[in-house]
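Step one of this worksheet: look at the structure below.
Quick note: the coordinates plus some simple rules give every number you see, no bench work behind them. Since the structure is predicted, the reported quantities are computational estimates derived from the model, not experimental observations. Cβ coordinates were reconstructed from backbone atoms using ideal geometry, including for glycine residues, and neighbour counts include every protein chain displayed.
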Amino acid sequence: MQKISFPVKGMHCASCVSLIERRLKKIEGVKGANVNLATNRGTVEFDEAKTGPKDFLHAIKEIGYGAEIREGAEDAALSDREKDERQEEVNSLKKRVMFSALLTLPVLALALPEMLKGIFPLEFPGFLERNMAFLQFVFSTPVLYLNRDFFERGFRALAGGSPSMDSLVAIGVGAAYAYSVVVGFGVVSGSIYFETASLLLTFIVLGKYLEAVAKGRTSEAIKRLVGLQPKTARLLVKGKETDIPIGEVVAGNIIVVRPGEKIPVDGVVADGSSSVDESMVTGESMPVHKAKGDTVIGGTINKTGSFTFKATKVGSETMLSQIIKLVEDAQGSKAPIQRIADLVAAYFVQAVIALAFIAFAFWLFTGQSFVFSLTILVSTLIIACPCAMGLATPTAVMIGTGKGAEHGVLFKDAESLEVLHKANAVIFDKTGTITKGEAVVTDVIAFGMKEKELLSLAASCEKNSEHHLGQAILKKASALGVKISTPVSFDSVPGLGVKAKVGGQSVIVGNPALMKKEKIAFGPSAAAAVKALGDLESQGKTVVLVSVGKKLSGIIAIADTVKESSASAISMLRSMGYETIMITGDNEATAKAIASQVGIEKVIAHVLPENKAMEVKKLQDSGKKVAFVGDGVNDAPALAQADVGIAIGAGTDVAIEAGTVVLVKSDLRDLVTAIDLSAYTLRKIKQNLFWAFIYNAVGIPVAMGALYPINGFLLSPVIAGAAMAFSSVSVVSNSLLMRGFRPKA
């Protein structure tokens, strides 16, 4: 299966989205199709053996919309070309509004005598009076031509059996204009509605212009992220510097960076040193010193010295590109709550057309004039607005995910943004999540041998181990200058420890469970060992036992310091009503000591990596909605099992696969921000959907003449058009208020 993303042109409302999605899903080989009104992008998952991009373009163009598949478009977040095209669309709509308004003003002026008769009479000179209809026809016809795209798409969609919002406009405005032409040229007698047709189109295109401007502001977070990417890089080849476009940089190139410049791609410093502002990634305002061998991140700013670095990750592999891709994917995805709007949109336009003609027939057959009934028809068609429903969710999601990225929280999809705050239990992995994950040997206790000899055997046993505890023992041995041998054999026992042959001796390094499993004799050291174990574990240290030749030979204690932010973050979560739980492979005493430091009351200890997901499931089975916070690959099953998986995203591995939320700065206070933003976004979505539905639920019956028998009120089509335009703009504007979001933490 392949996935491709591409821009779609000409969409106005939820019914447009529904129409395009349904058409794409009919293509053989398409597994899924998602079209986003706020980003104007479509995403298709398909079997490339059965279909491809050309089929998608043909299908979209067949129903009256535009699309273009671009080389690498799915990897490029809001390319310069797309930004230019969006600005062109805004400029085009602005011109249409201006010309439509200029042409509509004379039509409106000529219609004033008819509109104001009974209030105060107006008289025009004889020439104008005699040619009133013709002059209105002359000025109003160009307005329809300027906005002909509504008619082209609307009637094409109608002919295809899937009417859209454009169909409502085409029928409503077309009916008013056609009737006016017939009356104006004397075929039948009656009133003319040229000013109604012109004003309706002017208001509708004005609404589209304001909507386009507002939608452009919803993607500011992406624009800021893209703006962090430099356009060029200074390549060093055989001592000569050459500026090349960023897209031409390849891994292995040597790049020169001068003071004040942005680092173009990710890499490793080759020569020189400097201070680098990494606040866009870490949130820390203090520059970080960089010297030979240190990692640098593309998009960060070099503050002081000059240096050269070797490019290691370029193009879509850089950390900044991964962040942009994650944010763009999230903005293009659909939140579960949007299914309501999608379901309504699928039948909305057909229902409105039916209601409009039912109302027209009803008033006509109850004795009202044709003009009265036509007014009802046009008002009903025009006031109905699926646009507001289509924009209610994606605009809020766009700003929510964008604000998250600004504050170091990456939501991989809209669903995680919607459901995160609904979790009522948060499980934290200990190492690397609550703690720094930087294990340090604090105590070495030997039984029957010297401490350095014990450390030498343990370090040699751990030489081939990648476990963080093994690395801590190796680090300590190296620091003390202890001899480290290469083991003859090596065997890792996941979750328990390691076994090896070192210098002809059988050495085991692991936890008490491994010693029990291997039937290691504690011998005369038993009492001292038990006391040392208890004392060290009560201090929150992880205890590793070392046996040589099937006898307990010593204890090594390792401490992992708690992150400064952990306690305050967990305190805030508890004050918000969330149950906090820590899960670890450590023994219970050590786990509880760490938990007490950060304020966690419930601890699940002695859990092997493969059993973490099972513990998550147990909580879910008890009725809990679980968020799991872990630091990477070994936590992947638990992150996937949880209702929301939250990955700690330290360094350039920010785009790790596990989890649907990434805390870029590895700061647990950002989890509080993520939960707060999730609740705030869903609140905005509900507000938007409420107003979108209420607007239509009230507006359509009023347009159909529901108030006429009560107080004689008949809704003008012009007011209906203005209301329709306002509804979309109001929904987007409500979403834009989210830009003022400030995190609690």
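Between the stretch 449-470 and the stretch 42-65, the alpha-carbon centres lie 59 Å apart. Cysteine residues of the chain whose C-beta has no other cysteine C-beta under 4.7 angstrom: CYS16, CYS385, CYS461.
Averaging 1/r across all pairs of distinct Cα atoms in the stretch 247-328 and inverting the result yields a Kirkwood radius of 12.5 Å. Above 25 Å, the calculated P(r) of the stretch 148-263 contains 58 percent of its Cα-Cα pairs. Along its three principal directions, the equivalent ellipsoid of the stretch 432-587 from the Cα gyration tensor extends over semi-axes of 30, 17, 14 Å, largest first.
What number results when the radius of gyration of the stretch 376-473, computed over Cα atoms, is divided by 2.2 N^0.38 Å?
2.26
Close amide H pairs (under 5 Å, H built 1.01 Å from N) link LYS290 with SER274, SER275, VAL276, residues at least 5 positions away or on another chain.
Quick one: Cα convex hull volume of the chain, Å³ per residue?
208
In order along the stretch 443-457, phi translates into HN-Hα couplings of 9, 10, 10, 10, 10, x, 7, 6, 4, 5, 5, 4, 5, 4, 5 Hz, rounded to whole numbers, per the Karplus curve 6.51 cos²θ - 1.76 cosθ + 1.60 with θ = phi - 60° and x for Gly and Pro.
Between ASP586 and HIS606, VAL607, the built amide H atoms are under 5 Å apart, and every one of these is 5 or more places off in sequence or on another chain. For the stretch 44-49, putting each phi into the Karplus relation 6.51 cos²θ - 1.76 cosθ + 1.60 with θ = phi - 60° gives couplings of 10, 9, 8, 8, 5, 6 Hz, in residue order, rounded to whole numbers and with x for Gly and Pro.
Across the stretch 253-265, coupling constants 3J(HN,Hα) worked out from phi with the 6.51/-1.76/1.60 Karplus curve, θ = phi - 60°, read 4, 9, 10, 9, 10, 9, x, x, 8, 7, 6, x, 9 Hz, and Gly and Pro carry x. The long axis of helix 319-332 is offset from the longest Cα principal axis of the chain by roughly 40 degrees. Other residues within the sphere of radius under 9 Å centred on the Cβ of VAL509, judged by their own Cβ, net out at 0 (K and R +1, D and E -1).
Using only Cα coordinates, the Kirkwood hydrodynamic radius of the stretch 293-346 works out to 14.7 Å. For the chain, relative contact order (Cα pairs under 8 Å, six or more residues apart, normalised by length) works out to 14 percent. The spacing between the stretch 327-390 and the stretch 569-618, judged by their C-alpha centroids, is 52 Å.
For GLU438, the residues whose modelled amide H falls within less than 5 Å of its own, excluding neighbours fewer than 5 places apart on the same chain, are THR561.
Structure note, pairs LYS303/LYS334; LYS463/LYS517; LYS325/LYS430; LYS231/LYS403; LYS475/LYS563; LYS9/LYS303: Cα-Cα distances above 31 angstrom occur for LYS303/LYS334; LYS9/LYS303. Its residue count N fixes a reference of 2.2 N^0.38 Å for the stretch 539-610, and the Cα radius of gyration divided by that reference is 1.35. Within the stretch 418-495, the ratio Rg/Rh, alpha carbon atoms throughout and Rh by Kirkwood, equals 1.18. Mind checking the angle between helix 526-538 and the chain's longest principal axis? C-alpha axes, 0 to 90 degrees, to the nearest 10. Result, in degrees: 30.
Note on the stretch 139-204: Cα-Cα pairs beyond 13 Å make up 61% of the total pair count. Of the three principal axes defined by the Cα atoms of the stretch 330-376, the extents in descending order read 54, 14, 12 Å.
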